[in-house]
1. Need pairs with beta-carbon distance below 9 Å; first residue under 12 Å from VAL62 (Cα atoms) and within the stretch 27-45, second modelled with pLDDT of 90 or more and of a type in the set (Asp, Glu); sequence gap 6+ or separate chains.
2. What single numbered condition from (1) in contact (Cβ under 8 Å) with a residue 40 or more places away in the chain; (2) touching a Leu at 6+ places or on another chain (Cβ under 8 Å) fails to hold for PRO16?
3. State whether one or more residues within the stretch 21-32 are assigned to a loop (DSSP other than H, G, I, E, B) and in contact with a Lys or Arg (Cβ under 7 Å, 6 or more places away or on another chain).
4. Is the stretch 20-41 home to any residue that is away from the ligand (no atom under 14 Å from the Cβ), surrounded by fewer than 10 Cβ atoms within 10 Å (Cβ to Cβ) and more than 11 Å from the chain's Cα centre (by Cα)?
5. Can you tell me which residues in the stretch 1-19 are surrounded by 14 or more Cβ atoms within 10 Å (Cβ to Cβ) and either touching a Phe, Trp or Tyr at 6+ places or on another chain (Cβ under 7 Å) or at pLDDT 90 or above (or both)?
6. Condition first: part of a helix (DSSP H, G or I) and either of a type in the set (A, V, I, L, M) or more than 12 Å from MET14 (Cβ to Cβ) (or both). Now tell me which residues in the stretch 39-65 satisfy that.
Amino acid sequence: MKINAVNLNVKEYMLPGNRLCPGCGLSLAYRHILKALDGQAIVTVPASCLTVLHGMYPVTSVAVP
Ligand code: SF4
């Protein structure tokens, strides 16, 4: 099935709260990418704002390994 904004998975892989700048488009884009992948992803994170989004171990704002 073709995935689009209307039939995205309802499950959330971005958990409430992260450390990105308020209004940053990265969290919205990342949220939709994880939904489109239905959580079937292992994430490796380069040093960037994505590192900030994931948070400091052992807490995280993302529900994928
Ligand atoms: S990309 Fe990084 S610096 Fe830019 S708005 Fe988002 S969190 Fe802030």
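1. Pairs found: ARG31/GLU12; LEU34/GLU12; LYS35/GLU12.
2. For PRO16, the failing item is (2).
3. no
4. Scanning the stretch 20-41 turns up at least one residue that is away from the ligand (no atom under 14 Å from the Cβ), surrounded by fewer than 10 Cβ atoms within 10 Å (Cβ to Cβ) and more than 11 Å from the chain's Cα centre (by Cα).
5. Scanning the stretch 1-19 gives TYR13, MET14.
6. Matches in the stretch 39-65: CYS49, LEU50, THR51, VAL52, LEU53.
The values are calculated or read from the model by the stated rules, or taken from the named source; none is laboratory data. Predicted model only: the values in this text are computed from it and were never measured. Here Cβ is always computed from backbone atoms with ideal geometry, including for glycine, and neighbour counts include all displayed protein chains.
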